[in-house]
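Input: a single structure, listed below in structure tokens.
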Amino acid sequence: MLPFDFQMRTRVVFGPGKVDSLGELAGELGARRALVVSDPGIVAAGHAEHGLAALRRAKIEVQLFDGVEQNPTTACVDKGVELARRFEPELIVGLGGGSSMDCAKGINFIYTNGGRIQDYWGVGKALKEMLPMIAVPTTSGTGSEAQSFALISDAETHVKMACGDKKAAFRIALLDPALTVTQPTKVTALTGIDAVAHALETYVTTKRNPMSLLYSREAWRLLEENFLHVLQNPSDIEARGGMQLGACLAGFAIEFSMLGATHALANPLTAHYGVVHGQAIAVMLPHVIRFNAEVHAAWYEELLDGLTGIDGRGVQGVDGLCALVTEFAARAGLATRLRDLKVEPAKLPQLATDAAKQWTGTFNPRKVGEAELLALYEAAM
């Protein structure tokens, strides 16, 4: 019997056009002043104004912070906190991709509990209550809307910090697949492959449990069915909805089972070479699957029932799963080897040293240290 602790902290509101209910949902939380955290791209696409208008219709005073950067840093969070202190919000809305949602959480940590974001690196460091938050994701990837962790990079050291606290979970995740239609194809690919990795990694971690497996399995089904479809038919709202819901369910799986070596290997590639997170994931995931499958092949094979693969034939075994993931990346126009990303072989030992310091690697089903992580980088060259 496997003990576990399971509690849903986030309400999910899903469907096309649901962004129009943002004001009503904010009102249900008792808020009359809302800080909306977003980025310039989302503002340019008109999505931020859509959310702001919905809040205004509900007679909620709004303030937009659109200074979110890709891979939000401590500097970005500090700017948001400065604005929050002037505005004094009663609610924070993270509207955008994972960066906007993580930045919203980071702002909330400091605004309500003081100090610096570095003070919350780890788990359960917030001693005071935090403001209620609503997530409105415009991508289908990180699953941040379903998690109580914020990933924030130190502006000086570039170290990515995971700051987690149950009080930092969004009260509501408002999933409107219509907001994802405007994504560039590259963004759809990069965020989608990250979500695929979340579903596959959470299914085999050391913290997997009967509840997390439900989310991982359904996330994988939705993502596998719709990933290539949204690339080929970007305006298909049904496929967009499948991807967005799949990414959210994978986020819930992360909340209850964590991640593994793929993410530990990806973060140093971003820190040292500026490789976009989803691209780093796309390269490393098949190699981690093969490594883990030497001990846990049966777990991966449980996910293969009913899969027809890209060519219409059944996906056979772990090698078939790895080939499918690699083909997803290739069809999406992503690199599948480290050498294609200009990664230098001489730098691999340093990357492995940094990967060994990543928290996610501690939940991998096979133990990984510097030697194993170096071997995985070498396999991906």
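Within region 363-374, can you find the residues that are without any contact (Cβ under 8 Å) to a residue 40 or more places away in the chain and in a helix (DSSP H, G or I)?
Step one: of region 363-374, the residues without any contact (Cβ under 8 Å) to a residue 40 or more places away in the chain are 367, 369-371, 374.
Scanning region 363-374 gives Glu370, Ala371, Leu374.
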Report task. Can you run down the residue pairs with Cβ atoms below 6 Å, 6 or more apart or on separate chains, where the first is in region 243-272 and under 17 Å from Lys207 (Cβ atoms) and not assigned by TED's automatic domain parsing to the domain that holds Ala169 and the partner is surrounded by fewer than 24 Cβ atoms within 10 Å (Cβ to Cβ) and acidic (Asp, Glu)? Result -> Leu249/Glu218
Report task. Search region 210-236 for residues that are not assigned by TED's automatic domain parsing to the domain that holds Ala332 and pair each with any residue that is surrounded by 17 or more Cβ atoms within 10 Å (Cβ to Cβ) and outside any loop (DSSP other than H, G, I, E, B) when their beta-carbon atoms are under 7 Å apart and the residues are at least 6 apart or on different chains. Result -> none
Requested in this report: Would you check if there is a residue in region 188-205 being small (Gly, Ala, Ser) and within 21 Å of Gly122 (Cα to Cα)?
Outcome: no
Query raised in the report: Across region 318-356, what is the total count of residues that are outside any helix (DSSP H, G or I) and surrounded by 14 or more Cβ atoms within 10 Å (Cβ to Cβ)?
Result: 6
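With in a helix (DSSP H, G or I), buried (at least 21 other Cβ atoms within 10 Å of the Cβ) and in contact with a Gly (Cβ under 6 Å, 6 or more places away or on another chain) as the only criterion, which of Ala219, Ala189, Ala239, Ala197 stands out?
Working: Ala189 fails: in contact with a Gly (Cβ under 6 Å, 6 or more places away or on another chain); Ala239 fails: in contact with a Gly (Cβ under 6 Å, 6 or more places away or on another chain); Ala197 fails: in contact with a Gly (Cβ under 6 Å, 6 or more places away or on another chain).
Unique residue meeting the criteria: Ala219.
Results for (1) of a type in the set (D, E, K, R); (2) surrounded by fewer than 24 Cβ atoms within 10 Å (Cβ to Cβ); (3) touching a helix residue (DSSP H, G or I) at 6+ places or on another chain (Cβ under 8 Å); (4) not assigned by TED's automatic domain parsing to the domain that holds Glu24, shown as yes or no for each residue.
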residue: Lys125; (1), (2), (3), (4): yes, yes, yes, no
residue: Thr142; (1), (2), (3), (4): no, no, yes, no
residue: Phe149; (1), (2), (3), (4): no, yes, yes, no
residue: Thr202; (1), (2), (3), (4): no, no, yes, yes
Requested in this report: Could you please find all residues in region 200-216 being in a helix (DSSP H, G or I) and more than 21 Å from Gly333 (Cβ to Cβ)?
Outcome: Glu201, Thr202, Pro210, Met211, Ser212, Leu213, Leu214, Tyr215, Ser216
Query raised in the report: What are the residues in region 266-290 that are in a helix (DSSP H, G or I), out of contact with any Leu (no Cβ under 6 Å at 6 or more places or on another chain) and not aliphatic (A, V, I, L, M), if any?
Result: Asn267, Thr270, His272, Tyr273, His277, Pro286, Arg290
Report summary line: With criteria (1) surrounded by fewer than 22 Cβ atoms within 10 Å (Cβ to Cβ); (2) modelled with pLDDT of 95 or more, Ala298 comes up short on (2)
Report task. Name, by its number, the condition in (1) touching a residue at least 12 places away in the same chain (Cβ under 8 Å); (2) in a loop (DSSP other than H, G, I, E, B); (3) surrounded by fewer than 15 Cβ atoms within 10 Å (Cβ to Cβ) that does not hold for Asp5. Result -> (1)
Report summary line: Conditions (1) part of a loop (DSSP other than H, G, I, E, B); (2) buried (at least 19 other Cβ atoms within 10 Å of the Cβ); (3) more than 20 Å from the chain's Cα centre (by Cα) -> Pro16 fails only (2)
Requested in this report: Kindly indicate whether any position in region 344-353 is within 24 Å of Gly192 (Cβ to Cβ), over 20 Å from the mean Cα position of the chain (by Cα) and not aromatic (Phe, Trp, Tyr).
Outcome: no
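The values are calculated or read from the model by the stated rules, or taken from the named source; none is laboratory data. None of these values were measured; they are calculated from a predicted model. Glycine gets a Cβ as well: all are built from the backbone with ideal geometry, and neighbour counts include every protein chain shown.
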